[in-house]
Amino acid sequence: MLEQSYSPENFEEKIYSKSEDEGLFRADANSTKPSFLITMPPPNVTGALHIGHALFVSIQDTYARWKRMLGYNTLWLPGTDHAGIATQVMVEKQVASEGTSRQQLGREKFLERVWEWKKEFGGTITDQIRVLGSSCDWSRELFTLDPKSSAAVKASFTKLYHDGLIYRGERIVNWSSGLQTAISDLEVELRPVQGAFYYLKYMLADGSGDFLTVATTRPETIFADVAVAVNPTDERFAKLKGKEVIVPISGRKVPVITDDYVDKEFGTGALKITPGHDANDWTIGQRHKLKTLTTINKDGKLNELAGEFAGAVAAHSRKRVAEKLKELGLLVKEEKHNYELGYCQRTGVVVEPLVSMQWFMKMKPMAEMALKAATGEDPALRFYPDFWRKTWFQWLNNIQDWCISRQLWWGHQIPAWHCGKCTQITVLKDHNDSDPKACAHCGSSAITQDPDVLDTWYSSALWPISTLGWPEKTSDLDVFYPTLRFDQARGGKEAKALMETGSDIIFFWVARMVMMCTYFMKGRLPFEDVFLHAMVFDEKGQKMSKTKGNVIDPLEVTAKSGSDSLRLTLLALSGQGRNVNLDLKRVEGYKAFVNKLWNASRFAMMQISEQNVTAYKNPLQQLDKLDFVDRWLLVQLNDTVKKVNDELTHYRPDAAFHAIYQFAWYELCDWYLELVKVKKGSLDTLCFALETLLKLLHPMAPMVTERIYSELPWAERGKLMLQEFPLPHPGEIAKASDLHQVAAMKSAVEGIRNFRTENKISPKAQIQAVLETEQAALWENLSRFVVALAKLGEVLVNGKAPTGASGKVATNEFVFTLPLEGLVDTAAEKARLMNETKKVRGDVEFSLKRLENPAFIERAKPELVAKERDTLAANQEKLKTLEEALKRLG
Ligand SMILES: [Zn+2]
């Protein structure tokens with residue numbers, strides 16, 4: 001028997017570890033069933049579970065369990081990411097606290113330390129994912145630095161290099177002087193800063209004494225200026241074409257060039273061009289074949305080009321350079337200006353755009369496949385919600401080459417060797433070959449492996465294939481990897497693989513997986529459906545952050561309310577396209593739902609055990625033996641089954657859960673369980689409805705449903721998670737008259753219940769009633785239900801109405817006259833009603849006067865006027881009810 005009260009802490013862990021131990025989460029590479037694959041976004045190995053993880057687990061586990069119950073050979077493949085920067089920074093801090101440093105330890109020793117850390121703490125996040133009930137296949141768990149993943153990285157790099165898609169070159173990148181590495185846009189945090197626009201004089205080199213005013217927020221970079229650009233259509237500068245100007249302080253002559261990029265309205269309309277320290281200037285520099293100067297070194301300090309400022313930290317020299325310019329009479333003015341500046345997320349230092357030698361991947365040819373995959377009426381690749389498709393096109397059409405190298409130690413070291421003699425690069429011909437011993441170009445043995453590692457997102461981009469064993473030909477790849485090509489139409493086929501992740505990494509991750517995996521799998525897409533969930537914010541819609549103190553820890557929530565309540569809350573809030581604003585009160589609300597399910601199940605099981613039921617007959621196969629109440633319930637249940645399957649198919653788990661909630665709470669608990677008490681008889685429908693409900697809810701709330709199911713006397717055939725998911729019954733279940741009878745019964749019961757509430761009649765008091773109806777036969781069928789549920793006493797059909805104060809309840813089928821005498825203190829109630837009437841009448845008059853006043857209508861805000869109208873309407877309605885109640889009292 002189920003315990004008296006719902007206490008998830010008593011069973012969640014037991015159920016989970018038992019299922020895992022029994023191998024129930026494992027997919028079968030030898031199965032002949034259709035396959036379904038979800039590759040879990042690998043959380044950072046350094047990470048602690050946050051609410052974003054909880055959201056993706058709730059959604060992905062729902063899909064994994066649903067598909068498994070539908071009979072698919074389901075693989076939900078988990079893993080963790082080595083998180084290059086995050087992990088390295090953390091271990092660096094650790095060794096620093098021991099008085100040493102990464103550099104002092106050397107590469108090999110330092111990496112040993114990181115692996116030690118990984119061995120000790122790397123399992124934390126995966127254990128936390130288990131707490132949420134995740135049914136992923138832990139036997140296939142992969143870490144991005146495991147040999148399997150490393151082989152994929154090596155094989156892909158080797159192929160892309162020889163295919164001409166990976167190259168090395170000097171480009172401008174985001175440089176973190178704190179980390180001494182290039183970083184991705186995602187690792188740059190934009191913060192608003194109060195800065196200034198400095199208006200500088202660039203004197204004409206012709207000695208005329210004329211000058212050009214240039215506005216800049218970064219005067220400390222002028223030492224690397226190589227040109228001043230104006231818009232070609234800007235007539236103010238027409239006479240300067242082909243002339244030269246002198247860079248302030250440094251005294252170098254640079255040309256005035258014209259470029260469409262320059263905005264005439266911005267600043268003075270003249271832009272200093274510093275390709276070494278600005279990404280846009282770099283592009284302009286490339287276009288005009290300008291040279292690149294560097295005045296900020298990789299340590300963030302100014303170099304000898306800056307003359308007297310050499311050696312100072314660039315970001316801190318701005319004021320000093322400005323003062324010098326003022327001294328020289330070259331500062332026209334200084335204007336306050338607020339803008340966004342990029343900071344390194346990990347170290348908090350200002351990110352400098354710097355030119356450096358890096359490895360890049362050519363993205364344009366790769367992007368073509370990803371674009372094609374989503375193009376057309378019936379594209380192979382689908383987005384849920386569909387509006388992401390537009391974003392997809394925008395980004396891929398403007399894609400830049402990807403800087404894949406990082407100046408870190410923790411990660412996949414680039415499999416390329418530099419020759420000390422001829423300076424050429426050697427990359428293996430085949431990834432299975434061992435490391436080269438000599439230069440492939442001149443044969444010299446003086447070769448060294450490139451010290452850089454690959455961007456963490458590089459191995460993530462290969463995740464759907466590396467987890468299945470690529471580049472080896474594995475049975476997992478055969479069984480689980482989709483077969484649809486990027487240039488084929490979907491043709492009504494359902495997805496063999498789902499990618500579900502946060503919309504914030506659509507480009508960093510989703511797009512790169514599509515490009516890389518499609519490339520290596522000969523045009524076959526890694527997944528056909530992409531479901532992008534919204535970001536979780538706090539209840540006010542603010543981002544959760546430690547500094548704001550509004551972070552919700554999912555483990556605290558599950559400890560208090562159980563994992564099912566948290567999952568249901570997140571699913572309910574996961575509606576597409578909106579932010580998920582999480583309020584802890586909502587979790588309490590869904591815990592109340594789980595509680596209701598628990599109590600309803602206990603009630604049902606008591607009935608079941610009272611009647612010694614150990615098995616039941618499917619009511620859908622004996623419909624004509626059932627009564628109208630049972631058939632009505634089966635219709636509601638069947639509609640719910642249909643809706644749940646339908647909504648899940650269209651990636652609306654929130655709507656699927658809503659349908660279950662409505663059925664369970666309102667139809668099953670509020671009505672059917674009450675009716676069962678009255679009607680007695682066969683429990684087949686009750687047993688079937690409870691079991692079906694548990695199956696429907698199982699993918700979303702696996703723990704509590706599994707626990708309840710295990711107590712069903714006929715559940716010896718095994719775990720709920722292994723049962724078949726309910727599918728809609730095709731035939732007719734009920735006649736129209738069945739549904740009409742229940743509707744008539746409900747409106748009679750509700751009408752009498754409202755009458756009780758309005759007249760403050762004790763719920764315990766039985767009311768006598770006189771019934772007028774032309775449908776005596778209908779009443780005959782319904783009377784026992786209405787009498788029990790509405791707590792009626794004797795009902796006199798078509799008899800004489802009682803004398804004295806009474807009320808009437810009228811439905812489409814029945815008119816009940818209900819005596820009030822003896823049930824209410826008539827005098828006191830009359831006094832109360834009169835008082836109330838007086839007050840409401842006053843409010844109505846006030847609103848009317850206000851709304852008749854033209855001054856109010858003209859001057860007040862429209863929403864205030866609308867509010868007044870609403871108040872008036874509500875009070876008029878109330879007044880009517882009160883007057884009617886008074887009339888009833890006589
Ligand atoms: Zn060589």
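The values are calculated or read from the model by the stated rules, or taken from the named source; none is laboratory data. All figures in this text were calculated on a predicted structure; none of them were measured in a lab. Glycine gets a Cβ as well: all are built from the backbone with ideal geometry, and neighbour counts include every protein chain shown. With ligands, DNA and RNA removed, areas are computed over all heavy atoms of the protein, side chains included. Shrake-Rupley method; radii C 1.70, N 1.55, O 1.52, S 1.80 Å.
Tabulated data
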quantity	calculated
Average accessible area per residue (Å²) across the range 551-645 - probe 1.4 Å, nucleic acids and ligands excluded	43
Percent of alpha-carbon pairs separated by more than 21 Å within the range 58-200	67
In degrees, nearest ten, helix 653-662 long axis to first principal axis of the chain (Cα)	10
Rounded to 5, percent antiparallel among DSSP beta bridges of the range 418-551	50
Extended-chain gain in nm, criterion 0.36 nm per residue less alpha-carbon gap, Glu588 and Val332	85.9 nm
Accessible area per residue in Å² at 1.4 Å probe, computed on the range 174-272	43
For the range 449-571, size of Cβ-based charge dipole, Lys and Arg +1, Asp and Glu -1, in debye	280
Cα centroid separation, the range 257-311 to the range 672-749 (Å)	71
Principal-axis tilt of helix 147-162 within the chain, Cα atoms, nearest 10 degrees	50
Under 17 Å from the Val551 label point (7 Å along Cα→beta-carbon), backbone N, the range 119-137	124-126, 128-129
Which listed pairs, of Lys119/Lys591; Lys154/Lys372; Lys642/Lys808; Lys298/Lys429; Lys585/Lys680; Lys548/Lys861, have C-alpha distances above 29 Å, in listed order	Lys119/Lys591; Lys642/Lys808; Lys298/Lys429; Lys585/Lys680; Lys548/Lys861
Unit charges at the beta carbon, dipole of the range 769-890: most positive-side option, Gly842, Val797, Ala769	Gly842
Relative contact order [Cα under 8 Å, 6+ residues apart], the chain, whole percent	12
Kirkwood hydrodynamic radius of the range 450-585, from inverse mean 1/r over distinct Cα pairs, in Å	17.6
Value of [θ]222 nm, deg cm²/dmol, for the chain, DSSP H segments ≥ 4, -39500 (n - 2.57) each, nearest 500	-12500 deg cm²/dmol
Per residue Cα convex hull volume in Å³ - calculated over the range 204-269	87
Sequence ranges 351-357, 289-295, 756-762, 468-474, ranked by mean other-Cβ count within 10 angstrom, highest first	351-357, 468-474, 289-295, 756-762
Sorted largest first, extent of the chain alpha carbons per principal axis (Å)	116, 79, 57
In degrees, nearest ten, helix 736-758 long axis to first principal axis of the chain (Cα)	90
With all protein chains modelled, accessible area of Ile505 [1.4 Å, Å²]	30
Along principal axes, Cα extents of the range 285-372, largest first, whole Å	58, 31, 27
Stokes-Einstein translational diffusion, the range 640-770 - Kirkwood Rh over all Cα pairs, 0.692 mPa s, 37 °C, in µm²/s	189
Burial ranking of peptide ranges 599-610, 546-557 (average Cβ count within 10 Å, highest at the top)	599-610, 546-557
5 Å binning of all Cα-Cα separations within the range 470-545, expressed as whole percents from 0 upward	3, 14, 20, 21, 16, 9, 6, 6, 5, 1, 0
Dipole moment magnitude, nearest 20 debye, the chain about Cα centre, only Lys, Arg, Asp, Glu C-beta charged	1100
Local electrostatic count, Leu626, Cβ distance below 14 Å [Lys/Arg +1, Asp/Glu -1]	0
Cβ-Cβ FRET estimate between Ala810 and Asp639, R0 fixed at 25 Å, reported to 0.05	0.30
Percentage, to the nearest whole number, of Cα pairs in the range 5-64 over 16 Å apart	65
Dimensionless Rg ratio for the range 774-890, taking C-alpha atoms and the 2.2 N^0.38 Å reference	1.54
Per-selection metrics, the range 262-334 (Cα): Rg and Dmax in Å	14.0, 36
Anisotropy class of the range 731-802 from Cα gyration tensor, a/c 1.5 cut	oblate
Neighbour net charge for Trp392 - beta-carbon separation under 12 angstrom, K R +1, D E -1	+3
Radius of gyration, Dmax [the range 149-218; alpha carbons; angstrom]	22.0, 66
Local electrostatic count at Glu108 - Lys and Arg +1, Asp and Glu -1, tallied over other residues with Cβ under 15 Å	+2
The chain: Cys lacking any partner C-beta under 4.7 angstrom	Cys136, Cys344, Cys403, Cys517, Cys669, Cys687
Alpha carbon convex hull of the range 505-635, volume per residue in cubic angstrom	238
Where the range 17-165 is the region considered: accessible area per residue in Å², 1.4 Å probe	37
Kirkwood-type radius of the range 297-439, with distances r between different C-alpha atoms, in Å	21.1
Considering only the chain, percent of DSSP beta bridges that pair antiparallel, nearest 5	70
Isotropically averaged projected area of the range 596-705, using the convex hull of Cα atoms (one quarter of hull area), nm²	6.7
Spherically averaged projected area in nm², based on the convex hull that wraps the Cα atoms of the range 320-365	6.9
Accessible-area composition of the chain, carbon plus sulfur, in percent [1.4 Å probe]	50
Against the rule of thumb 2.2 N^0.38 Å, how large the Cα Rg of the range 408-477 comes out	1.34
Ser710-Asn781 FRET efficiency (beta carbon distance; Förster radius 41 Å; 0.05 resolution)	0.60
Convex hull volume per residue in cubic angstrom - Cα atoms of the range 332-399	233
Kirkwood estimate for the range 638-683, i.e. one over the average of 1/r between Cα atoms, Å	11.6
Highest average packing first - 722-732, 236-246, Cβ atoms within 10 Å	236-246, 722-732
